[in-house]
Structures are given as C-alpha cells and as structure tokens.
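The values are calculated or read from the model by the stated rules, or taken from the named source; none is laboratory data. What you see is a predicted model; the values in this text were computed from it and never measured. Here Cβ is always computed from backbone atoms with ideal geometry, including for glycine, and neighbour counts include all displayed protein chains. Ligands, DNA and RNA are stripped out before the accessible areas are found, and what is left, the full protein with its side chains, is counted by its heavy atoms. Shrake-Rupley method; radii C 1.70, N 1.55, O 1.52, S 1.80 Å.
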Amino acid sequence: MLRRRLSDEMINLLVPLIANLVDDRELQLEVRDNYVTVYYRGAALLREIRLVDNQLTGKIHYKYVPLQRPEGSDYLSIASGENGLNFNAAPQPMPLGQFAPDILREYKRMMKSVSGSPEANIVHGIVSRPENQIVDQELKFQEPGQPETDKIDVCHYDTGLNALALVEVKGLHDSRLRSLDGEMPEVIDQLRRYRTRIETSHECIINSCESSISLKRRLGLANRLVEIPEQSPLPLLRKPVLVIGGCGQDDIQSILEENGEWQVLMDGLAEEASGVILCKNGCNLNLRNGGYSRVFDPEAF
C-alpha cells in the first residue's frame, strides 16, 4: 500500500538540486515510491520527479510556469499574419535551474494566483510551522484490485505524545462536519475508515514513515525532523487526529463546549479520533499544545 523508497543514484542527483529548497519552510518535499513531489500551498509545484535513463524527470502544471521577461521591455511584441496576431518571438518559460531564490519567488507568485481550496491553505499553514515535525503528506491507501482510495492529509510526529500521528484537515465551512437530522456527520465515517486502516496496517504505516524520515534526512532535510527520535519502531497513535481550520474565537468556544450541532460531532470524535485541534489558519499539531485542542485517546501501537 505505502512504499517510500529512493535509489542511491537518485538521492545523489537530488541532493545538490534541492539544496536551495532545504531552508524554505513553505516548500515540502515528500518521498514516494521511487519518486518525489514538491508541495507548495497544498498543491504539487513539482510532480513525480523520477530517475529515467540517468536523468531526473518530472512534471509541472502549465498554470504555475512564469514567463521570462523580454529583454529591455515589459511587453512581448506581436504582429499580424495569415492566421491573425502572432508573437514576434515565442514567449519562453522561466527555467527552474537549481531553484535560485528569485526563480522560486516567481513560481510561487504564479501558484498564489491560482486560487487553492480552503483546506489547502490550512494545510499550508500547518506544514510551514517549524515546530511541526512533518513526516509525510497526502498518504494514499489503496488495496490491490480496489478502485477506491483513502487519502490522509498529513503524518507528523507528536513530540508531546511521542508518537506518529495521522491528521485529517477540514475547514469549518465543510458540510461533512455537520449533522443532518441528528445523524453522525460524514467526517466521522471518514475517520472510522482511517482508524480501521491504522488498526489493520499500522506496521506498514510505521515502516513507511520511518523510511520517509530516513530518506528525508539523507536528502538534507534533517533540520525539519530534529525532534523525531532515532528509535525503531516509532509508536503510532491508534486513531487519527482531526484539525478544523477557519475557526474564529466564537467557533472554537462553541465546538469545545459542544453547543448545539457540535455535540453530535464531538460525541463521534470521542469514539473515532485521538483528538481534535481547532485553529484559524494553522496550528501546532501536538495534541497537548496548550491551545485549542481536546485529547480523546492518546494510546499508540
């Protein structure tokens, strides 16, 4: 289900290439099965970087690519022809090179211009915080022969509970948080599936997380994982964590006090989640963070 591996050859080629990304907390490099993806603001800036015929290859969405500025002007010249207006010289994409800061600035600018989902912005606020020990993002679980997948937003190491934790992120606006006619909100069914995944596949999840940690350290990202111990196997919380972003102070108070519609949600979370964290745009992911959180079940495998 989950495989996290890179060849030595690929690591050797990646290390000098991503050197300028290491200290940029807004960018997150995630290891997959013999490829890596670089995320920004909850979206893939560089997708599926692989080693093919001794070269690194990958993909980037055309909407994210800035154009080079024409020499001596802010404008591209056009002229009429047989098929209407044409560029006198074809616009050229700005080359990525080795991710120099000014180049990255332009690619980020283009990505910001493409509106992301509220959840993506919340995830970005979370993974950018230095205190969060992010192990992986967008963990996809799929059984052989099954078309359906479960995708968990974030895996991190909770330094308060000393365990790996799988985190689902929702925005307050999400209708799946709310009960219809007194029934359990849809998010509870989602978290139940994740809890079952953890129960049946915790060894695979732990092994994959440990592989990600080891490979990230080899790639030069050890400074983002300094609080994760070297021990093996690492503990894993038995249940997922829910983060609800986009909350104002009144929303936080109402949810924690289980007022009105929130009582059904909190009752379901007590059964299916290790805990819940409430925030505006991002948060410390440790469940016992002294902030707006509640711990239901801190037990770990």
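Using a Förster distance of 30 angstrom, determine the FRET efficiency expected from the C-beta separation of Val52 and Glu82, and round it to 0.05.
On the way: r = 40 Å, r/R0 = 1.32.
About 0.15, to the nearest 0.05.
Under 16 Å between alpha carbons, and skipping anything fewer than 8 positions from Lys280 in its own chain: which lysines qualify?
Lys170
Using the Cα centre of the chain as origin and beta-carbon charges of +1 (Lys, Arg) and -1 (Asp, Glu), tell me which of Tyr40, Val295, Phe141 is placed farthest towards the positive end of the dipole.
Of the candidates, Tyr40 comes out farthest on the positive side.
Please determine, in degrees from 0 to 90 and to the nearest 10, the orientation of helix 262-272 with respect to the longest principal axis defined by the Cα atoms of the chain, where the helix direction is its Cα long axis.
90 degrees
Which whole-number value in Å² is the accessible area per residue of the chain, probe 1.4 Å? Spell out each step's value before the answer.
Details: 15200 Å² over 301 residues.
Per residue, the chain has 50 Å² of solvent-accessible surface.
Sort by residue number and report every cysteine in the chain with no other cysteine beta carbon within a distance under 4.7 Å.
Lone cysteines by the Cβ rule: Cys155, Cys204, Cys209, Cys247.
Net charge near Ser212, counting Lys/Arg +1 and Asp/Glu -1 over other residues with Cβ under 13 Å of its Cβ?
Working: positive: Arg3, Arg4, Arg5, Arg32, Lys216, Arg217, Arg218, Arg224; negative: Glu30, Asp33, Asp136, Glu138, Glu210.
That works out to +3.
Which value, in debye to the nearest 20, gives the size of the charge dipole of the chain about its Cα centre, when Lys and Arg are +1 and Asp and Glu are -1 at the Cβ? Don't skip to the end; give the middle numbers.
Details: 34 positive and 44 negative charges, 174 e Å.
In total the dipole reaches around 840 debye.
With springs only between Cα atoms under 10 Å apart, run a GNM on the chain and tell me which of Pro66, Pro185, Pro91 wobbles the most.
The residue that fluctuates most here is Pro91.
What's the carbon and sulfur percent of the stretch 118-300's accessible surface, probe 1.4 angstrom, rounded to a whole number?
On the way: 3410 of 7840 Å².
Ligands and nucleic acids excluded, carbon and sulfur give 43 percent.
Rounded to the nearest 5, what % of DSSP beta bridges with both residues in the chain are antiparallel?
Around 75 percent antiparallel, to the nearest 5.
When ranked by the protection proxy of mean other Cβ atoms within 10 Å per residue, highest first, what sequence do the peptides 263-276, 11-24, 235-248, 96-109 form? Write out the running numbers ahead of the final one.
Working: 263-276: 19.8, 11-24: 15.5, 235-248: 21.7, 96-109: 13.7.
So the peptides 263-276, 11-24, 235-248, 96-109, ranked by packing, come out 235-248, 263-276, 11-24, 96-109.
On full extension of the chain, what length is gained from Asp24 through Arg218, given 0.36 nm per residue of separation minus the C-alpha to C-alpha distance?
Numbers: separation 194, 0.36 × 194 = 69.84 nm, distance 1.71 nm.
Full-extension gain reported as 68.1 nm.
Short version: ³J(HN,Hα) in whole Hz for each residue of the stretch 214-227, in order, from phi by Karplus 6.51 cos²θ - 1.76 cosθ + 1.60 (θ = phi - 60°), x for Gly and Pro, what are they?
Working through the residues one at a time gives 4, 5, 5, 5, 5, 7, x, 9, 4, 5, 8, 10, 5, 9 Hz.
Please report, in whole Å, how far the alpha carbons of the stretch 35-158 spread along each principal axis, starting with the longest.
The Cα atoms of the stretch 35-158 stretch 58, 38, 33 Å along their principal axes.
Per DSSP H run of n ≥ 4, the term is -39500 (n - 2.57); total these for the chain, divide by its residue number, and report the mean residue ellipticity at 222 nm rounded to 500 deg cm²/dmol. Don't skip to the answer; put the middle values down first.
Details: 6 runs with 85 residues, N = 301.
Taking each H run of at least 4 residues, the total per residue is -9000 deg cm²/dmol.
With contacts defined as alpha carbon pairs under 8 Å and 6 or more residues apart, what's the relative contact order of the stretch 118-300 in percent?
Working: 325 pairs, mean separation 51.4, N = 183.
Once normalised by length, the contact order is 28 percent.
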